[in-house]
C-alpha cells in the first residue's frame, strides 16, 4: 500500500505518468476536486458513499483503518459491486459553499452576541431581546459598553457580510427557475429553496418523495430483528444545513405564517395530536416531498386555504 498526501502536486506527480486506471474514491470534503484532478490526468474515477462500503469492512472484523478501507474498495470494484455516489456540478458546489459561509457567519455572530449578553448579565445588565439593533442597545449603556467595542465592531462587520450574501442569494434565486418554483411553497424563502436545490441537485436520482426525506435525515431510525422492532429518533443523516433550514421553515409556517393554507392546517393538526416538536419534523419532511414532486412535475405550489 502506498500513502499519498492529498495535495494537487503530490497526486499529479504520482498519477501523471501512469497508464489510465480505474480509481475509486470515498466521498468526502476533498473528493470532488480530487476526482476532477484525477480525471484531468486521464484516469476513470468513481466516487462512492462511505456509508455503503463501511458495513462490509466492519463485518470483516470490526476494524476501521485506511488500509482496510482501500482493500474493501478494491475488492468491491473487482466484483462490480461499487455504487457510484452523485457528483454535483462545480456551480452547485460553489452555491453550497456560499450557504455554508453564511451559516458560519450567522453562528459566529450569535456566539458574539451571547458572549456580550453573558458578560453584561454578570454586571447586572439585561438587554431586551427585540428592541432595535443589538449594537445600539449595548452602546446605549454608556461607559460599561466601552470594553465591548471590539466585539460590537465585529458584529457589525458580520451583519454587513451576511446582508451581502443574502442579496447574492436572492439575485441567484431570481435567475434560477427551479428555486423560484420552490419558493412558491408556504414558508419557503430563497435560502431554504437554494439549499434544497443545491443539495438534491438531480431529483431523478430518488425513486419517490419518501426517499428524499430519508436522504435529508428526517425519517425515524428503525431497528427490526425477528419479532423485535424499535422506532427511534430521526436519523439526522445527510446534509445538516439543509435539514436545519427545512426545520426552520416548518417552525415559521406553524408559528409565524399568517396565511391560511392546507399545509399549515395539516401541521397544526399534527401538533395537536403528537406535540409541536414532532409536528415541526413532520412538516419539514412534508416539505421534502412537496418540493421534490414540484421539481419532478415542473409545477408551482397550489395553495388550498381553509
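Brief remarks follow.
- Sequence-separation-based contact order of the range 90-175, relative, with Cα cut under 8 Å and 6+ spacing, percent: 37 percent
- Put the Cα centre of the range 90-118 next to the Cα centre of the range 167-214 and the gap is 20 Å.
- Gyration tensor (alpha-carbon) shape descriptor, the range 190-297, a/c threshold 1.5: oblate
- Neighbour counts of other Cβ atoms within 10 Å put 223, 125, 287, 215 in the fewest-to-most order 223, 125, 215, 287.
- Exposure proxy order (Cβ contacts within 10 Å, fewest to most) of 183, 21: 21, 183
- For the chain, calculated [θ]222 nm from helices alone, where every DSSP H run of n ≥ 4 adds -39500 (n - 2.57): -19000 deg cm²/dmol
- Calculated FRET value between residue 272 and residue 228, using beta carbons and R₀ = 41 Å, to 0.05: 0.85
- Of 252, 157, 293, the one that fluctuates the most in a GNM where the chain has Cα springs shorter than 10 Å: 157
- Length-normalised contact order for the range 190-297 - Cα pairs under 8 Å, 6+ apart - percent: 30 percent
- Within a Gaussian network of the chain (alpha carbon springs, distance under 10 Å), most fluctuating of 156, 40, 170: 40
- Once the Cα gyration tensor of the range 1-110 is diagonalised, semi-axes √(5λ) in Å: 27, 20, 14
- Note: relative contact order over the chain, using C-alpha pairs below 8 Å and six or more positions apart, is 12 percent.
- Top of 209, 195, 84 by mean-square fluctuation, Gaussian network on the chain, Cα under 10 Å: 84
- Exposure proxy for 172, 36: other Cβ atoms within 10 Å of each Cβ, ordered fewest to most, give 36, 172.
Bear in mind that the values in this text are calculations on the coordinates, not laboratory data. Since the model is a prediction, treat every value here as computed from it, not as a measurement. A quick note on method: Cβ atoms are made from the backbone with ideal geometry, for glycine too, and the neighbour counts reach across all protein chains shown.
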